[in-house]
């Protein structure tokens, strides 16, 4: 029932896991119980109407105090029971919403994280907001209106017990409001969807701009960045205004009907009472029946924006989690030994029309070192992302120990390999926590990694040593220190497969010599090491040389044989 309320989305592949719907399916007993409680509550909501009718038709006519007291005690008991059921329903719905969040929050974060790392457009704030929207919807008034709406027919039947004309009138009134509600949905949903998408894009651009705030402010770019964001923001405001105006027009029509129908119903009831077809108490009761029948529809109309937003959030979450199901239920594999095979790899990042890499083929055995060289925009960093599994090849394969690197469980693989990106960033936390990759800190492994990277003495000179805080508001460090810390992080746990993108870009001559010694030590330890570089000195530590140009593999082989082909790329920057 809840799944239908949230809206059916596009059909999915047969047999494909759907985490969002699976969670709702696991909650089906609780959802059915919520529906039963709603039914009982709706039945109990008739009791005040019957109480009032009996007050007018029996108590006042008979002037019986005993009947008055008896009916009042009875209705108070029903009110206590009613309040208890509403309390139970609220607690049940809160637990359902918490179950959805508990089961999906981590999976949603992981799916958004992987999608963003794969250079696919995603607003992480919106994704997490979508999960919050669905959870809040499960405890709000909108879902209660959806659950109560089917029981409006019960009030039509009760009206028919008074007089068939009252039943017809209540039915027609409810149907008219439903039609208006449906028209409101048809008109506003596309507009709201477009407006919400524009809002998400506007927020994404704002967040992206803040990531580069320091450079933008120094270069006087913040005004231009602000203008780019503001154009999208204005577009969002315009779309939202169109949606609000359309909703206001339809809301005016429904508002007229909501005001007119009670008065018309009262006129019909009085007309029937004049002819002696119903009693005066029935006239009053019919008025309240009318209000009860249309109340859920009124709530639907007033909360339609929330329902539409939740449906869109549900669809986005479902699509995101469905795309990420390939990362689930994979078998754990032993730590890689470093045997690498790259075959016919083509890389086509999200949004790109032309491959950035095409036809890359090479292989490595444990204990081998390969240097990747080439001019700027040759595709070196793109290849590095493929080699560590951040990107997935458009075709071809990258196999580590015979297993496609995208088939490894990401957390297992990440803990077993070393990676130094070209754009180095550290997270909020201490030096030791960053070297330990924000996991459980093993002091011995942290110190060993720092010493291998030639960073131990520098860390001890920090204000609090290994406990010195890094991150956005942490201790400032130089470019060379940043690079050596990134190398230490990559070496934590002595992995057998290490990939480094320009690891000597910010190093001085002494630090570069230390890095060469480190690479030879890793080779002797049986580690497979791959690095990119523009500087010729580091190449002497490699066994093989992979030369790239314009996304193509120019040559691959022993360093001595490849130096002639690699010379142009090295001398340009050297």
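In this rough spin-label picture, where each label sits 7 Å from Cα along the Cβ direction, the residue 478-residue 141 distance is 6.4 nm. Among 464, 451, 353, a tally of other beta-carbon atoms within 10 Å of each Cβ gives an order, fewest to most, of 353, 464, 451.
Can you work out the FRET efficiency for the pair residue 563 and residue 404, with r the C-beta to C-beta distance and R0 = 41 Å, to the nearest 0.05? Spell out each step's value before the answer.
Numbers: r = 33 Å, r/R0 = 0.80.
So, using R0 = 41 Å, E works out to roughly 0.80.
Once the convex hull of the C-alpha atoms of segment 372-453 is built, how many Å³ does it hold per residue, rounded to a whole number?
Numbers: hull volume 11.5 nm³, N = 82.
Dividing the Cα hull volume of segment 372-453 by its residue count gives 140 Å³.
If you stretched the chain out fully between residue 86 and residue 423, how much longer would it get, using 0.36 nm times the residue separation minus the C-alpha to C-alpha distance?
Using 0.36 nm per residue and subtracting the Cα-Cα distance, I get 115.8 nm.
Legend: ranking of residues 556, 79 from fewest to most surrounding C-beta atoms inside 10 Å; resulting order 79, 556.
Would you work out the Kirkwood radius for segment 340-573? I mean one over the mean of 1/r across all pairs of different Cα atoms, in Å.
Values: mean 1/r = 0.0552 Å⁻¹.
For segment 340-573, inverting the mean 1/r across all distinct Cα pairs yields 18.1 Å.
Between residue 244 and residue 182, the FRET efficiency from the beta-carbon distance, with R0 = 25 Å, is close to 0.85. Of the peptides 151-163, 435-447, the ranking by mean beta-carbon count within 10 Å, highest at the top, reads 151-163, 435-447.
Would you give the gap between the C-alpha center of segment 31-85 and the C-alpha center of segment 354-378, rounded to a whole Å? Distance between centres, Cα-based: 79 Å.
Could you please rank 484, 316, 28, placing first whichever residue has the fewest other Cβ atoms within 10 Å of its Cβ? Present the calculation step by step, with values, prior to reporting the outcome.
Numbers: 484 27, 316 23, 28 12.
Ranked by crowding around the Cβ, least crowded first: 28, 316, 484.
Spin-label model, residue 61 to residue 105: label points 7 Å out along the Cα-to-beta-carbon direction sit 6.0 nm apart.
With contacts taken as Cα pairs under 8 Å and at least 6 residues apart, segment 405-547 reaches a relative contact order of 28 percent.
Only the coordinates and a few stated rules stand behind these numbers; no lab work does. For clarity, every value in this text was computed on a predicted model and none was experimentally measured. Cβ coordinates were reconstructed from backbone atoms using ideal geometry, including for glycine residues, and neighbour counts include every protein chain displayed.
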